[in-house]
């Protein structure tokens with residue numbers, strides 16, 4: 001009787017341990033991400049972790065914004081097509097898992113060149129409206145006035161969009177708008193300027209800029 005009791009206990013314990021292990025395994029099955037943000041043209045992998053079984057993936061909403069391609073039994077590659085939102089459902093047996101995908105527009109970096117006294121410098125514009133407005137005016141050849149031994153400036157007849165602000169540091173090679181219609185190219189660093197500007201771009205490398213613009217008024221060509 002004692003031997004039978006021991007055997008019965010061992011069998012019951014084995015079943016309980018197997019059940020617990022199975023339950024734990026199921027509870028560990030999850031997506032590697034419940035939310036994803038992808039820029040247009042870029043890709044990310046969505047994977048159901050905790051299983052090697054074949055998982056059914058389906059785009060439930062937003063099919064025009066993303067596409068998916070299976071890369072493994074439990075994974076797909078998501079490629080962003082255009083700005084919008086989508087949802088993907090992963091199904092394993094009777095269990096469903098959902099991932100929300102946000103597609104953002106690809107950030108376009110615009111650069112311009114300035115040529116002064118035979119030297120060419122490249123500037124990266126930011127995403128401000130004022131930067132776009134300057135970009136749309138190009139090409140331009142401007143007579144720029146000298147001021148304070150650190151900047152060259154030119155006044156336009158029309159104004160640029162944006163809100164001006166002060167900067168604790170203005171770097172050599174910063175391209176700014178002052179007073180709504182004045183384009184300012186700084187060729188030397190300034191600390192704690194009390195004046196307000198709209199920053200629209202920054203030079204890639206300021207090496208040689210100060211010598212190129214010189215000490216007086218100067219003609220500068222701006223181009224795309």
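Throughout, read-outs are computed from the coordinates displayed, never taken from laboratory work. For clarity, every value in this text was computed on a predicted model and none was experimentally measured.
What is the gain in length, in nm to one decimal, between residue 132 and residue 207 on full extension, counting 0.36 nm per residue of separation less the C-alpha to C-alpha distance?
Numbers: separation 75, 0.36 × 75 = 27.00 nm, distance 2.55 nm.
Contour length minus Cα-Cα distance gives 24.5 nm.
Compute for the chain: radius of gyration divided by Kirkwood radius, i.e. Rg/Rh, restricted to C-alpha atoms, rounded to two decimals.
1.36
Go ahead and set up a Gaussian network model of the chain, Cα springs under 10 Å, then flag whichever of 188, 158, 174 fluctuates most.
The residue that fluctuates most here is 158.
Given just the C-alpha atoms of segment 171-224, how large is their convex hull per residue in cubic angstrom?
108 Å³
For the chain, what relative contact order do you get, as a whole percent, if you take Cα pairs closer than 8 Å and at least 6 residues apart? Working shown, then result.
Values: 470 pairs, mean separation 37.1, N = 224.
Here the relative contact order equals 17 percent.
In terms of the Cα gyration tensor, with a ≥ b ≥ c the square roots of its eigenvalues, is segment 105-224 rounded because a/c is under 1.5, prolate because a/b exceeds b/c, or oblate? Can you show the working numbers first?
Working: a/c = 1.34, a/b = 1.11, b/c = 1.20.
In terms of gyration-tensor shape, rounded.
Roughly how many whole Å is it from the C-alpha centroid of segment 102-170 to that of segment 192-206?
Segment 102-170 and segment 192-206 have Cα centres spaced 9 Å from each other.
So between residue 56 and residue 28, what do we pick up on full extension, going 0.36 nm a residue minus the alpha carbon distance?
Details: separation 28, 0.36 × 28 = 10.08 nm, distance 1.79 nm.
Value of the extension gain: 8.3 nm.
Is segment 67-174 best put as rounded, prolate or oblate by its Cα gyration tensor, with a ≥ b ≥ c the root eigenvalues, rounded for a/c under 1.5, and otherwise prolate when a/b is larger than b/c, oblate when not?
It is prolate, given that a/c is not under 1.5 and a/b is the larger ratio.
Between residue 122 and residue 192, what length in nm is gained on full extension when 0.36 nm per residue of separation is reduced by their alpha carbon distance?
Fully extending the segment from residue 122 to residue 192 adds 22.6 nm.
Between the helical axis of 2-27 and the dominant principal axis of the chain, each derived from Cα atoms, what acute angle in degrees is found, rounded to the nearest 10?
20 degrees
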